[in-house]
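The values are calculated or read from the model by the stated rules, or taken from the named source; none is laboratory data. All values derive from a computational prediction rather than experimental measurement. Quick reminder, even Gly has a Cβ in these numbers, built from the backbone with ideal geometry, and neighbours come from all protein chains shown. With ligands, DNA and RNA removed, areas are computed over all heavy atoms of the protein, side chains included. Shrake-Rupley method; radii C 1.70, N 1.55, O 1.52, S 1.80 Å.
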Amino acid sequence: MTQAQVVGLDGCAIACVHPEKVLTVRDAAPDEEALTRVTSLFKLLGDPTRARLLYALLEAGEMCVCDLAAATDTAEATVSQALRLLRASAAVTGRREGRNVFYRLSDAHVRLLLDVTREHALHVEEGGQ
């Protein structure tokens, strides 16, 4: 891509100030499939019930549906439905023990995402930049 092709990407009438940065960003940008996965995950986390369940699992490590329901003051049917979506997105995994299924966060990436998101929200709440 030439500087002329970079100029005006956002509709501005002026030339790019740093065309090399524009090219770097464009080259490093995630493809559409990756962006779809990322936005789907954020949509999933955008639901307060699902977020509450994820943070409960972050604290407890592993819990069954009835314990998650009690810990979050959420109906078991709602917890089961939310866990089904979280499991389908690979945010949580489950293991069966008798008649119970115990859920936990899938991996360190999910834990990191929850930790960083909470820290950011607290930072903003406290007036941080």
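Side notes on the structure shown:
- Charge dipole of the chain (Cα centre as origin; +1 on each Lys and Arg Cβ, -1 on each Asp and Glu Cβ, all else neutral): 460 debye, rounded to the nearest 20.
- Gyration tensor (alpha-carbon) shape descriptor, the range 47-112, a/c threshold 1.5: rounded
- Protein heavy-atom accessible surface, 1.4 Å probe, per residue over the chain: 69 Å².
- The sum of -39500 (n - 2.57) across all DSSP H runs of n ≥ 4, divided by the residue count of the chain, sets its helix-only mean residue ellipticity at 222 nm to -19000 deg cm²/dmol.
- Farthest towards the positive end of the charge dipole of the chain, among the residues Ala56, Cys16, Pro30, is the Cα of Ala56, using unit charges on the Cβ of Lys, Arg, Asp and Glu.
- Expressed as a whole percent, the accessible surface of the chain that belongs to carbon and sulfur atoms is 55, based on a 1.4 Å probe.
- Peptides 27-33, 97-103, 50-56, ordered by how many other C-beta atoms sit within 10 Å of their residues on average, highest first, read 50-56, 97-103, 27-33.
- The Cα-based radius of gyration and maximum Cα-Cα distance (Dmax) for the chain are 20.6, 67 Å.
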